[in-house]
Every structure is written in structure tokens, then in C-alpha cells.
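Chemist: Starting off with a structure, shown below.
The values are calculated or read from the model by the stated rules, or taken from the named source; none is laboratory data. This structure is a prediction, so every number in the text was calculated from the model and none was measured. We place every Cβ from the backbone using ideal geometry, glycine too, and count neighbours over all the protein chains shown. Ligands, DNA and RNA are stripped out before the accessible areas are found, and what is left, the full protein with its side chains, is counted by its heavy atoms. Shrake-Rupley method; radii C 1.70, N 1.55, O 1.52, S 1.80 Å.
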Amino acid sequence: MKKIFTLLLALTLLTSLVACNKSTGNTNNDKAETGSETKTETQTDDDNKIIIGVSPVPHAEITEALKDEFAKEGLDVEVKVFDDYVQPNLALDQGDIDANFFQHIPYLENFSKERGLNLVSLGSVHIEPMGLYSDKIKSLDELKDGDEVLIPNDPSNGRRALLLLEKNGLITLKDDTKEDITEKDIDQNTKNLKFTPIEAANIPNVYKDAALAAINTNYALGAGLNPSADAIALEDKDSPYANIIAVRKGDETKDKFQKLIKVFQSDACKKFIEDTYKGEIYPAF
């Protein structure tokens with residue numbers, strides 16, 4: 001009888017252990033299913049998230065001003081500021097950001113070709129006319145023989161500066177239709193001006209050391225210069241150098257990026273540009 005009781009007790013304990021294990025397994029399955037649902041929700045949030053790399057002025061200002069408009073489109077836009085013209089494209093190509101807003105198409109095409117990147121434009125937002133600035137002269141007629149002129153050292157903006165100098169009668173170029181114009185393509189330079197190519201972002205910091213400097217408007221504004229008041233000469237409003245939104249090729253058709261460019265080309269964006277910059281930059285759409 002005692003043996004039978006012991007056997008029954010053992011069977012009871014075994015049954016309890018099996019039931020406990022089944023219960024624990026179900027709990028784990030429930031947790032796994034819950035975790036899966038959480039991941040799906042997070043993925044949905046990520047689908048509306050865009051990290052955009054921008055220059056400080058005016059790109060960051062424009063983007064921040066449109067935060068409410070992005071929200072209306074269901075977008076969560078995070079702004080990452082870059083102080084140069086190189087890192088935003090490299091970061092975009094590497095997937096550290098989802099889009100960038102700082103450059104024009106000639107720069108994008110040349111940079112992508114040189115670095116082997118596959119980036120494309122979503123669309124144009126605004127034009128920043130390049131200007132000629134000086135702390136030493138008030139008129140281009142005051143330039144002296146052998147004066148130094150600073151120009152951007154990247155191919156697209158260097159070309160742009162030389163075309164602006166040619167248009168203002170300071171030089172002539174052998175062929176101003178070329179895409180890769182440098183100071184070596186100057187044909188006539190009657191004042192024997194000395195051209196010094198340096199990084200575009202650094203020109204506002206050193207332009208006072210030279211007689212004249214070609215400065216991109218975003219960097220001019222960042223340095224406290226007023227293009228309409230301080231520039232000796234400015235590009236015309238028909239400039240082909242409109243600033244664009246760039247993304248990785250293949251992303252341009254995605255819904256969230258179509259919503260992004262929709263906001264950047266909206267009436268709200270146009271109004272902010274016109275009211276804030278009052279002709280210093282102007283909409284390109």
C-alpha cells in the first residue's frame with residue numbers, strides 16, 4: 001500500500017511539472033507575439049522619419065520653419081546641420097541621413113561623378129545668388145593690377161565664380177560653355193588678377209585679406225553679410241544654380257520623399273523665403 005501511495009505521489013508531481021512547463025511556454029509565446037507587434041509599430045514610425053542634412057543658413061532655417069507643415073503630411077523630420085559641402089553627400093550615400101539640402105545640381109552631379117555616388121535631385125527649392133564681396137573696395141573699377149581674388153575651390157562653384165567675374169568684365173574665358181572651367185581657362189586678364197581657390201565655407205572668414213572674393217550666399221548670410229547691400233555684384237535671378245533636395249537614387253519615388261518635396265515646394269515655404277530673406281534669396285519653384 002505504501003508503494004502504491006508513493007507511486008501516485010510521483011505521478012502527481014510529474015503531471016504538475018508538465019503543466020507548469022506548458023504554462024511557461026505559453027507565456028513566452030505571448031511575449032514573443034507582443035514583441036513582434038511592437039516592432040511593427042516602430043517600423044511604421046520609421047517609415048515616416050526623415051533625417052535631413054542641411055547647411056546652417058538658410059537651409060536649416062527654412063527646414064525648421066516648415067516643421068508644422070511636415071507634421072501635417074505625417075512626417076517626422078529631424079535636422080542635422082553640416083558646416084561644409086563634402087560631408088552631407090557622403091553621409092547621405094552611407095545612409096547616415098535620408099536626404100540633404102545644401103547644394104545645386106551642377107555641384108551634385110560633379111561630386112557624385114568624382115566620388116562614384118548614386119544621388120539624385122528631388123526638386124528645386126530656392127536660389128542663392130553668388131556675390132562678389134570686398135572689405136577694401138566699393139566698386140570693381142577700384143581693383144588694382146595684381147590684386148588677389150578668392151574663388152571656391154570646388155569645380156562647380158569655381159566655374160560659377162569665374163562666369164560671374166567674366167560677366168562683370170574682369171576676365172574673359174576661352175570657352176565659357178565648358179563644365180570644368182578653372183582659372184587655367186582664363187583668356188584675358190587685363191588687370192593680372194591673382195586667383196586663389198580655397199574651400200567655399202572658409203572664404204567669408206578670410207575674404208578681408210584679399211581685394212575681392214566670390215562668396216556663396218548661404219555662407220555670406222552665415223557671416224553676417226547682406227547680399228543685396230554688401231555685394232559689389234550678384235548673379236542674376238535667372239541663375240541655373242537652384243538649391244535642391246537630394247536623396248539616394250531609388251528613394252525619389254517613395255511616398256515620404258514625395259511628401260517632403262511637396263512641403264519644400266509649398267506656398268508656406270515660398271512665403272517664408274520671401275518674408276524672411278526679402279530678395280536676398282528667392283524661391284525656385
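Chemist: Across region 57-70, what is the number of residues that are more than 22 Å from ASP255 (Cα to Cα) and open to solvent by less than 50 Å² (accessible area, probe 1.4 Å)?
Modeler: Final tally of qualifying residues: 4.
Chemist: Let me confirm something: among ASP230, ASP180, ASP176, which residue is open to solvent by 20 Å² or more (accessible area, probe 1.4 Å), under 28 Å from ALA284 (Cβ atoms) and within 24 Å of the chain's Cα centre (by Cα)?
Modeler: Answer to the check: ASP180.
Chemist: Quick check on my filter: what residues within region 235-255 are surrounded by fewer than 20 Cβ atoms within 10 Å (Cβ to Cβ) and touching a helix residue (DSSP H, G or I) at 6+ places or on another chain (Cβ under 7 Å)?
Modeler: Let us first name the residues in region 235-255 that are surrounded by fewer than 20 Cβ atoms within 10 Å (Cβ to Cβ), namely 236-240, 242, 248-255.
Across region 235-255, the qualifying residues are ARG248, ASP251.
Chemist: Just for region 220-239: of the residues that are out of contact with any strand residue (DSSP E or B) (no Cβ under 8 Å at 6 or more places or on another chain) and touching a residue at least 40 places away in the same chain (Cβ under 8 Å), which one is farthest from ASP84 (Cα to Cα)?
Modeler: ASP236
Chemist: Let me ask something additional. What is the number of the single condition among (1) surrounded by 15 or more Cβ atoms within 10 Å (Cβ to Cβ); (2) in contact with a Pro (Cβ under 8 Å, 6 or more places away or on another chain) that ASP83 does not meet?
Modeler: Among (1) surrounded by 15 or more Cβ atoms within 10 Å (Cβ to Cβ); (2) in contact with a Pro (Cβ under 8 Å, 6 or more places away or on another chain), ASP83 violates only (1).
Chemist: Further question on the same structure: Confirm whether TYR107 is open to solvent by less than 30 Å² (accessible area, probe 1.4 Å), part of a loop (DSSP other than H, G, I, E, B) and under 30 Å from LYS49 (Cβ atoms).
Modeler: no
Chemist: Let me ask you something else. Tell me yes or no: at least one residue of region 267-277 is touching a Gly at 6+ places or on another chain (Cβ under 7 Å), under 23 Å from SER121 (Cβ atoms) and surrounded by 16 or more Cβ atoms within 10 Å (Cβ to Cβ). Reasoning before the result, please.
Modeler: We begin by selecting, within region 267-277, every residue touching a Gly at 6+ places or on another chain (Cβ under 7 Å); these are none.
No, because not a single residue in region 267-277 is touching a Gly at 6+ places or on another chain (Cβ under 7 Å), under 23 Å from SER121 (Cβ atoms) and surrounded by 16 or more Cβ atoms within 10 Å (Cβ to Cβ).
Chemist: Quick check, is ASN89 touching a Phe, Trp or Tyr at 6+ places or on another chain (Cβ under 8 Å), in a helix (DSSP H, G or I) and either touching a residue at least 60 places away in the same chain (Cβ under 8 Å) or not charged (D, E, K, R) (or both)?
Modeler: The answer is yes for ASN89.
Chemist: Another question, then. Going by what's in this entry, would GLU73 be described as touching a Ser or Thr at 6+ places or on another chain (Cβ under 9 Å), more than 30 Å from GLY169 (Cβ to Cβ), of a type in the set (Asp, Glu) and open to solvent by 40 Å² or more (accessible area, probe 1.4 Å)?
Modeler: no
Chemist: Please verify whether LEU117 is under 30 Å from GLY250 (Cα atoms) and either within 26 Å of the chain's Cα centre (by Cα) or surrounded by fewer than 20 Cβ atoms within 10 Å (Cβ to Cβ) (or both), treating the condition exactly as stated.
Modeler: Yes, satisfied.
Chemist: OK, next. Of all residues being closer than 15 Å to GLN188 by Cβ and without any contact (Cβ under 8 Å) to a residue 60 or more places away in the chain in region 138-166, which is surrounded by the fewest Cβ atoms within 10 Å (Cβ to Cβ)? Just the residue, please.
Modeler: Of everything passing the filter in region 138-166, ASP145 is surrounded by the fewest Cβ atoms within 10 Å (Cβ to Cβ).
Chemist: Related question: Output the residue which, of all residues in region 199-235 that are assigned to a loop (DSSP other than H, G, I, E, B) and among the charged types (D, E, K, R), is farthest from ILE62 (Cα to Cα).
Modeler: GLU199
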